[in-house]
Structure formats: structure tokens, C-alpha cells
Amino acid sequence: MAEADGEEATLEFTPTWIVAAVCSLIVLISLLAERFLHYLGKTFKRKNQKPLYEAILKVKEELMLLGFISLLLTVFQGKIQETCIRRSWTLHMLPCEREEEGPAVPTTEHFGTTSQIIGRIGRRLLSEGATGGVEICKQKGKVPLMSLEAIHQLHIFIFVLAITHVVFSVLTMLLGGAKIHRWKQWEDAIQKDSAENGPKKVTVVHNSEFIRKHFKGLGKDSRILSWLQSFFKQFYGSVGKSDYTTMRLGFIMTHCRGNLKFDFHKYMLRVLESDFKKVVGISWYLWVFVVIFLLLNVNGWHTYFWISFIPLLLLLSVGTKLEHVIAQLAQDVAEKHSAIEGDLIVKPSDDHFWFGRPRIVLFLIHFILFQNAFEIAFFFWILTTYGFSSCIMGKVVFIVPRLVIGVIIQLLCSYSTLPLYAIVTQMGSSYKKEIFNEHVQQGVLGWAQKVKMKKGFKKSNTANGSTSTAESAGPSVKIEMMKRGNDAGETIE
């Protein structure tokens, strides 16, 4: 009965009104969060913003994963406590150096140090099962694999990491999207000018603003200087009106020549919204990175400091590459033509991108945003759990640069790299399904599925010696797609 008056009373000795009040508060917060996401999803769906709606579903999946991780940690915490290891195994690869006050004896005092620290700002999570696990290991002359407080802190860190990643991804998309929305005035001006059918002008290629910005100058005769010029270009005026106009026309003349009034800006936003649902998620390889970092976070290595340079270097590399793609487009035109009739037209190609795959850029941006969120989440988790002066936080000389790098990455990615990605990755050899309106996409996918089924039916009939009319399905799909594309005002040739 001592537990009834003690600080560590179990549920059977806790007043029912306290249990009901705490349970009600937790349920209320959970329902409010669920209703908010549900309402946000319905709003996106009502406004026909399906990619953003799918991004909300992705966030719900991540929350479900966090709930499952939480459940596993809760269910197996007793088993982890009862798993005993030699004390000598706990003396290596520590985030903080342990101060030994005497000969090593089988005790769990070093686990209690963490509990005392976290106890200043949070509740203790001790139970009879956990205490029993510690006693069992003591009797064997060993220590538990992991203390209950350490499990609880790991649990909180994973939750903070996931939430920080989602928040930073949303913030990046909002800031970058705000800049991209400014390009709408360029699109409107182009649409207005195209309505005025005047005589075609002759454009002297080397006098074009697009060529002067990206091909003439120091980078014209030297590949190294060209890369350096692309590197510095990402920090100022990464996308100008001439860039937008020229790349827009190049995309239209390559993929939808029959519709010069194609709304390139709207298409670009649809692609960006579709990519957002991939960026906001946490893929398996990102969790692998978390595990590797936790393994290498050893006292004296300053891993958290050196690893903060990885997203910065990757971000600068991505921005430089995207700017260099624009320079290559300008170079291709300048070397082949001296004067052309009409406006300047560039030729999109996958050859300008790493390994001929523009989608690699999205993978890198996803990794950069997650790693930056990881750095910030880890910092605030240590700050609230152990305090600013704790050994795991490190010296100020390592903390300040790390925070500055995080802010630089967030701003540069939002205002420069993301807008560059949105337009430059359209300069590949193929277009994305977002080129169609929503109802056209559904129609085309439906026809494609029917063709697949007919092809499978044809193979089975061929094996039985019969014939099929699947050969005619291909042209019918093309005709139907073109009809629907014309109805939507976005034809493809």
C-alpha cells in the first residue's frame, strides 16, 4: 500500500478523476488534430487540389506510423528492460563521457543519471515491470539493455523528428510556392501578347537576353568558369522573365506544339503539388540515415556538426546543376543558330540532367529537407531534454554554425532551389501526367487500363489459337486522348 502515498503510484492507486481527466485531455487533443486534418483534406478536395489532398493523406500515414512505433516501444519496453548485457559493453561509443567514481561494479546508476535530468522537465516512467527488469539484471551481475527513461526519450525524439520534417516541408513549399505564384503575371502577359497576331520578327540569337545572361561572358569559353557562373547565379535572380519565357516556349514547342496558348504556369504548379506529397513523407532510406546518425553520435566526434554540412553541400550542388542546365540550353541554341525567325526556342532533353534522370533532383531535395529538419529537431530535443549546457549539446563553437547553416538551407531552398526545380525539371525529354486536366488524366488512365486488359486477353486467346481485336485499342486510346485534350484546351502531339 505504500504506492498509494508514493510518487510512483500505479493505476490501481490513482484517483479515478485524475485518470478520467488525463484520458479526456488526450482524446480531445487527438480528435481536434484528426478533425483539423480531415477538414483540411476536404477543403483541398473541394478546390480540386488532389495532390495537396494526397499530401494530407501522406501526413496521416506518417502519424499512423508514429503511433505504431509508439505502440511497439510501449509493449516491448518490459522485454527491453529484461534483456541484460555486460556492463563493459556500455562503456564504449557513448554520446557523453561517463565519470567513474570507483571500481566498476554491476549497477545501473548511469541509467539513473539520465532519469534525474529528464525528471526536471517531465514525468518519470517507472513501473513495477521495469524495476523488476533492473533487479533481474543486478542479480546476474549485468545491466539492462536500455533504461526506461532512455526508451521514453527515444520515443519523444522520433515524434519530434517526424513533426519537424512535415512542418519544414510545408514551410518550404509555401515560401517557394509564393515566389512561383509571382510568375503568373509573366504567363498572363505572354497569353495577352500571343492574342495579338503580329508579323514574325527575326531574332538575332546572340542579342537575346536569355543568351546574354547564360552564354556570353566569362563562362562562354571555359567549362570551369561556366560552372562557377552557375554556382553564383543561384544566389541572385535565379529565374528571370526571359528564362521563364524561353523555357516555356521550348516546352510547348516540344510537347504540345498544337496549343501555343497552353497555360505552362498552371501545369508547373500542378507538378509541384504532385511532388509535394512525395517530399512530405519519410521514406525507408531516411530512417536508415537516422539510425546511422544515432550510431555515430559518439562523444568527441562532433558528428551532429559535421553532418550539418551534407545538406548544405547537396543543396549548393543541386542549385548549381539546375542553373547549369539553363546555361546548356542557351549554349545549344547559340552554337547552332545566329538568327532565327520568331522567338528563341530551346530544346528540352534528359541529357542535361544527372544520369539522364530529372527525378534525381526531387530525391535530393527530399533528402536535403529531411536532413535539415533532423538537425533542427535534434537540437531542440536536446535543448528541452538535457539543457543547453549538457555534454551532448556540445560547445557553443559547434552549435552556432549548425543553426546558421540550418537557416541558410531553409531560405535558399525555399526562395531559390525550389523555384529552379519547378521550372528547370520541365526541360526533360518527356512531360508528366499533370499536363492533362484531372478529368483527362482519369480518362487516359482508364483507357490505358483497358488496353492492358485487352493485351492480356489477346495473349491468352493466342495460346488457345484464337484472335483478338486488341490491335485496334492503341489508336483508339490515342484518338480519345486527343479528343479529351482538345476539350480541356491542352492538346498533346
In this structure, among Lys45/Lys179; Lys347/Lys454; Lys184/Lys347; Lys42/Lys278; Lys60/Lys321; Lys278/Lys454, pairs with alpha-carbon gaps over 26 Å are Lys347/Lys454; Lys60/Lys321; Lys278/Lys454
Per the rule of 0.36 nm per residue minus the C-alpha distance, extending Met93 to Arg357 adds in nm 91.1 nm
With the 1.4 Å probe rolled over protein heavy atoms, region 306-358 has an accessible area per residue in Å² of 48 Å²
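With a 10 Å radius around each residue's Cβ, average the other Cβ atoms per peptide and rank 398-407, 375-384, 70-79, highest first.
For the peptides 398-407, 375-384, 70-79, the packing ranking is 375-384, 398-407, 70-79.
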From highest to lowest solvent-accessible area (probe 1.4 Å; ligands, DNA and RNA excluded), Lys233, Lys179, Lys347, Lys452 read Lys452, Lys347, Lys179, Lys233
Here the FRET efficiency for Glu82 versus Trp17, based on Cβ atoms and R0 = 30 Å and rounded to 0.05, is 0.30
Simple SL model, points at 7 angstrom along Cα→Cβ for Ile292 and Val27; separation in nm is 4.5 nm
SASA check, Arg86, accessible area w/ 1.4 Å probe, all protein chains in place, rounded to nearest 10 Å², comes out at 140 Å²
For region 243-308, the percent of accessible surface on carbon and sulfur atoms (probe 1.4 angstrom, ligands and nucleic acids excluded) is 69 percent
With a Förster distance of 25 angstrom and the Cβ-Cβ distance between Ile310 and Lys347, calculated FRET efficiency to the nearest 0.05 equals 0.15
Probe 1.4 Å, all chains present, heavy atoms only: Ser349 accessible area in Å², nearest 10, is 20 Å²
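Using a probe of 1.4 angstrom, how much of the accessible area of region 136-204 is carbon and sulfur, in percent?
The computed percentage sits at 63.
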Expressed as a percent, the portion of alpha-carbon pairs in region 196-345 spaced more than 22 Å apart is 58 percent
For Lys452, counting only lysines whose alpha-carbon sits under 23 Å away and dropping same-chain residues fewer than eight positions off, the answer is Lys432, Lys433, Lys478, Lys483
Taking 330-338, 16-24, 421-429 and ranking on average Cβ neighbours within 10 Å, highest first, one gets 421-429, 330-338, 16-24
Sorted list, accessible surface of protein heavy atoms, 1.4 Å probe, largest first, for Arg98, Arg182 is Arg182, Arg98
Nearest-0.05 FRET efficiency for Lys452 and Arg35 at R0 = 35 Å, using Cβ-Cβ distance, is 0.30
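The values are calculated or read from the model by the stated rules, or taken from the named source; none is laboratory data. Every value quoted in this text rests on a predicted model; they were computed, and no experiment measured them. Here Cβ is always computed from backbone atoms with ideal geometry, including for glycine, and neighbour counts include all displayed protein chains. Note: accessible area is taken over every heavy atom of the protein model, side chains too, but ligands, DNA and RNA are not part of it. Shrake-Rupley method; radii C 1.70, N 1.55, O 1.52, S 1.80 Å.
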